[in-house]
Amino acid sequence: MVFHVLTLFPEMIENGMQTSITGRAIEKGFLHLDVRNIRDYTQDKHGKVDDYTYGGGAGMLMQAQPVYDAWDSIPGKGIRTIYLTPQGRTFDQMMAEDFAKEEELIFLCGHYEGIDERVLEETVTDYVSIGDYVLTGGELPAMVMMDTISRLLPGVLHNEDSADTESFQNGLLEYPQYSRPEEWHEKKVPAILLSGDHKKVDEWRLEQSELRTRERRPDLYEAYMEQKRLYEEMHPPKRRKR
Ligand code: ADE
């Protein structure tokens, strides 16, 4: 996967992405990061990339020319271009799975009051928000998306299993987990996890996931139960022969 990032703060993206698991994935070649500084593409001789908005109002707007030229400098056509904005669709695991199917993605990070609408019309395929709050720029949201997408790519996580058993992959939150010691602060690890009975462990974990989701995320639980109802309607339990 190649992540192209258009930003005024390239060091923020590079520092963030070169750390931890994404950093290792870049080193190993599972991920390629191509960060372009929008300022390098301005035709303004003072290096300016922003200006006042027509019609008045507070704040500056990123101008069309440097943004377009930075975008246009990326080789290849038809690459999905994501603009990070509170006006976008809210990012979730399903969107991450969809984006993870692409070979390349372009993230366009805005600053100030945003970007001239005309260049967005010509470049952006996906408007994405990471939640209903306003950040100072698109860099953190782009990193949130890149991190989420990265861990779905083959080779990025050590253990191939871990990407699909975790929270959200089956519409439920993850069950509680324990490591050594068996007792800590007078709290014991649930006995079933020490039993060696894998079937029982799996059943316990599913039950815990369901309980936890019902308690902490009733919205997800409702969607999960609805899916389960639909599934059971389409796959009714077979009648036993008399
Ligand atoms: N830019 C500023 N706030 C944002 C948000 N919540 N999501 C995506 N991009 C943003």
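Taking a temperature of 4 °C and a viscosity of 1.567 mPa s, what whole-number D in µm²/s does Stokes-Einstein yield for segment 10-161 with Rh from Kirkwood over alpha carbon pairs?
Numbers: Rh = 16.4 Å.
For the chosen part, D equals 79 µm²/s.
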field: In order through segment 151-158: 3J(HN,Hα) via Karplus (6.51 cos²θ - 1.76 cosθ + 1.60), integer Hz, x for Gly, Pro
entry: 6, 8, 7, x, x, 6, 8, 4
Sequence-distant residues sharing a close amide H with Glu104 (under 5 Å, placed H): Val2
message: Set the bar at 29 Å for Cα to Cα. Now go through Lys48/Lys77; Lys187/Lys228; Lys28/Lys200; Lys101/Lys238; Lys101/Lys200; Lys199/Lys238 and name every pair that lies beyond it.
response: Lys187/Lys228; Lys28/Lys200; Lys101/Lys238; Lys101/Lys200
task: Enumerate the amide H contacts of Leu173 below 5 Å, restricted to partners 5 or more residues apart or on another chain; note that Pro and chain-start residues carry no placed amide H.
output: Phe168, Thr213
- request: Measure off 7 Å from each Cα along the Cα-to-Cβ vector at Tyr112 and Leu206, then give the distance between these two points in nanometres to one decimal.
  value: 5.6 nm
- request: Can you tell me what the convex hull of the Cα atoms of segment 1-96 projects to on average, as an area in nm²?
  value: 8.5 nm²
- line: Note to self, the chain gives a 222 nm [θ] from helices alone (DSSP H runs n ≥ 4, -39500 (n - 2.57) apiece, / all residues, nearest 500) of -11000 deg cm²/dmol
query: Amide H to amide H, which residues 5 or more places from Asp34 or on other chains are under 5 Å from it, using H placed in the peptide plane?
result: Phe3, His4, Val5
statement: Residue by residue through segment 201-206, the couplings from Karplus 6.51 cos²θ - 1.76 cosθ + 1.60 with θ = phi - 60°, in Hz, x for Gly and Pro, are 4, 4, 5, 4, 5, 5
field: Rounded to whole Hz, the Karplus (6.51, -1.76, 1.60) HN-Hα couplings of segment 123-139, x for glycine and proline
entry: 10, 7, 9, 9, 9, 10, 10, 9, x, 7, 7, 10, 9, 7, x, x, 5
- prompt: Tell me, how many Å apart are the Cα centres for segment 200-221 and for segment 1-51?
  reply: 39 Å
query: Among the GluC sites (Glu not before Pro) within segment 61-124, which fall in a DSSP loop and have no more than 11 other Cβ atoms within 10 Å of their own Cβ?
result: Glu103
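Rule-based calculations on the coordinates, nothing more; no lab input. Owing to the predicted nature of the structure, the values given are computational and were not obtained by experimental measurement. FYI the Cβ positions are ideal-geometry reconstructions off the backbone, even for glycines, and counts take in every protein chain you see.
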